[in-house]
Amino acid sequence: MLRRYILNKTNTFINYRYASQSMLQSTIDDKLGIATLVMNKPPVNSLNLEFLEEIKSQLTQFKNDKIRGMILTSDLQKIFCAGLDITEFSNPNPERLSKICTTFQDTWLALYLTQFPTVAVINGHSPAGGCLLAMSCDYRVMVGPNYTIGLNETKLGIVAPKWFQDCMVAVIGQRKAEVSLTTGKMYTTDQALQIGLVDESVPDVDNAINKGIQFLNNFQKISPWAYKMTKDIRRQPTVQWLIDNKQKDLDFVVKSMMSPNVQKSIGLYLQSLKK
Ligand SMILES: CC/C=C\C/C=C\C/C=C/CC/C=C/CC(=O)SCCNC(=O)CCNC(=O)[C@H](O)C(C)(C)COP(=O)(O)OP(=O)(O)OC[C@H]1O[C@@H](n2cnc3c(N)ncnc32)[C@H](O)[C@@H]1OP(=O)(O)O
């Protein structure tokens, strides 16, 4: 639905390539060199192992396609992405949990370090891992006023890994990130704009896509090499920490997820969602 809208709206996607895996749709406008990656995994685009693998593989494909920019958005009504699939946390199989963790680390590295500029068009709620995906893009346009975004992990009784936290610090600064993270605060679109968690707020998705394209057009006169080097220098410390500590990070997540206290919190949180 959204893909069709983008094609009609911009009227520029004349020469486009379209690829659809079941949960992810990608469109490349050959004229503009802009790719659109649309998440479509009802009901809430929760990130499980298979979905993460698809996202990672599509990002790798875009690298080969040599696109000039990418928009990440959702085809679902009211939801950008609900974060990691919480059912995966409940009584988890340690092997599968480790695989999800590693795949999520790799997907994030691929998204955070793209050689092309990226925009998150946040057209719905975006908690936790959904917020991380948005924060990892170069620019965020959020549809308002009724959606929410934030890293709410403490509300589930779990801990956002260091790379989640550092990513938030990079976007909104140390003090605001510390308060947001410890309280697990979810921000409305207007609040998110006020603290700089998103760059623009617009009333509807049409405007959001247009703003995203406008942002990407800024790079028409920027050398791709200068862009990528600059981004790497800015993002290197966070990335390097994860590369150097991948196993430690994974061990911490798996160990803490298996603990009875965390399992109790996850169980209660899942029950509250069902209600
Ligand atoms: C397994 C992971 C292993 C390793 C991790 C790897 C690396 C490092 C990891 C990190 C460690 C910890 C980090 C975690 C990050 C996360 O992302 S945790 C996920 C946090 N997400 C949330 O808290 C979102 C909860 N959901 C909501 O707030 C609402 O559902 C939402 C606002 C998104 C939508 O509201 P609404 O439109 O009213 O829909 P419903 O609430 O009715 O939901 C519809 C059905 O979807 C189910 N659901 C919702 N969110 C999730 C989810 N994240 N995972 C799985 N399922 C979800 C919900 O229960 C409903 O199901 P039902 O229809 O009742 O069966």
Subject >> Whichever residue in segment 37-47 is touching a residue at least 40 places away in the same chain (Cβ under 8 Å) and more than 8 Å from the ligand (Cβ to nearest atom) and, among such residues, is farthest from Leu216 (Cα to Cα) >> reply: Asn45
Subject >> Given (1) under 30 Å from Lys246 (Cβ atoms); (2) free of Cβ contacts under 8 Å to residues at least 40 places away in the same chain; (3) within 20 Å of the chain's Cα centre (by Cα); (4) assigned to a helix (DSSP H, G or I), index of the condition Arg175 fails >> reply: (3)
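Yes or no, residue by residue, for (1) without any contact (Cβ under 8 Å) to a residue 24 or more places away in the chain; (2) touching a strand residue (DSSP E or B) at 6+ places or on another chain (Cβ under 8 Å):
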| position | (1), (2) |
| --- | --- |
| Trp163 | no, no |
| Cys167 | no, no |
| Ser180 | no, yes |
| Lys185 | no, yes |
| Thr188 | no, yes |
| Leu193 | no, yes |
| Glu200 | no, yes |
| Val205 | no, yes |
| Lys221 | yes, no |
Subject >> Checking Val141 against (1) surrounded by fewer than 22 Cβ atoms within 10 Å (Cβ to Cβ); (2) touching a helix residue (DSSP H, G or I) at 6+ places or on another chain (Cβ under 9 Å); (3) under 21 Å from Ile209 (Cα atoms), the condition it does not meet >> reply: (1)
Subject >> Residues of segment 92-132 satisfying the condition of being part of a loop (DSSP other than H, G, I, E, B), of a type outside the set (Gly, Ala, Ser) and in contact (Cβ under 8 Å) with a residue 12 or more places away in the chain >> reply: Pro92, Leu113, Thr114, Gln115, Phe116, Pro117, Asn123
**OP:** Working only within segment 68-86, note down all residues that are modelled with pLDDT under 95 and in contact with a Ser or Thr (Cβ under 9 Å, 6 or more places away or on another chain).
**Re:** none
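Among what's in segment 14-52 and is among the acidic types (Asp, Glu) and not in a loop (DSSP other than H, G, I, E, B), pick the residue that is modelled with the highest pLDDT. Working first, answer last.
Just the residues of segment 14-52 that are among the acidic types (Asp, Glu), to begin with: 29-30, 50.
The next check asks that each one be not in a loop (DSSP other than H, G, I, E, B); those that pass are 29, 50.
Working: Asp29: 92, Glu50: 95.
Looking at the filtered set, the residue picked out is Glu50.
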Subject >> Residues that are surrounded by 22 or more Cβ atoms within 10 Å (Cβ to Cβ) and among the charged types (D, E, K, R), drawn from segment 19-55 >> reply: Asp29, Lys41
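Which of the residues belonging to segment 134-165 are acidic (Asp, Glu) and within 13 Å of the ligand (Cβ to nearest atom)? Before the answer, list the steps.
Filtering segment 134-165 down to residues acidic (Asp, Glu) leaves 138, 153.
Answer for segment 134-165, where residues must be acidic (Asp, Glu) and within 13 Å of the ligand (Cβ to nearest atom): just Glu153.
What are the residues in segment 75-98 that are more than 6 Å from the ligand (Cβ to nearest atom) and either closer than 15 Å to Ile55 by Cβ or within 16 Å of the chain's Cα centre (by Cα) (or both), if any? Reasoning before the result, please.
Step one: of segment 75-98, the residues more than 6 Å from the ligand (Cβ to nearest atom) are 75-77, 80-81, 90-96, 98.
If the condition is that a residue be more than 6 Å from the ligand (Cβ to nearest atom) and either closer than 15 Å to Ile55 by Cβ or within 16 Å of the chain's Cα centre (by Cα) (or both), then Asp75, Leu76, Phe80, Cys81 are the ones that fit.
Quick one: in segment 224-240, of everything that is surrounded by fewer than 15 Cβ atoms within 10 Å (Cβ to Cβ) and in contact with a helix residue (DSSP H, G or I) (Cβ under 9 Å, 6 or more places away or on another chain), which residue is nearest to Lys155 (Cα to Cα)?
The selected residue is Pro237.
Please determine, by comparing only the residues of segment 56-91 that are hydroxyl-bearing (Ser, Thr, Tyr) and free of Cβ contacts under 8 Å to residues at least 60 places away in the same chain, which one is surrounded by the most Cβ atoms within 10 Å (Cβ to Cβ). Quick ask: steps written out before the conclusion?
First, the residues of segment 56-91 that are hydroxyl-bearing (Ser, Thr, Tyr): 57, 60, 73-74, 87, 90.
Still in the list and also free of Cβ contacts under 8 Å to residues at least 60 places away in the same chain: 57, 60.
Details: Ser57: 14, Thr60: 12.
That would be Ser57.
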Subject >> Residues being aliphatic (A, V, I, L, M), away from the ligand (no atom under 12 Å from the Cβ) and crowded, with 21+ Cβ neighbours inside 10 Å - total across segment 112-133 >> reply: 4
**OP:** Take segment 247-256 and flag every residue that is touching a residue at least 40 places away in the same chain (Cβ under 8 Å) and out of contact with any helix residue (DSSP H, G or I) (no Cβ under 6 Å at 6 or more places or on another chain).
**Re:** Asp249, Phe252
**OP:** Give me a count of the residues in segment 220-263 that are part of a helix (DSSP H, G or I) and closer than 17 Å to Pro94 by Cα.
**Re:** 17
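The values are calculated or read from the model by the stated rules, or taken from the named source; none is laboratory data. Predicted, not measured: the structure shown is a model, and the values here were computed from it. Note that we place each Cβ from the backbone using ideal geometry, even for glycine, and neighbour counts take in every protein chain shown.
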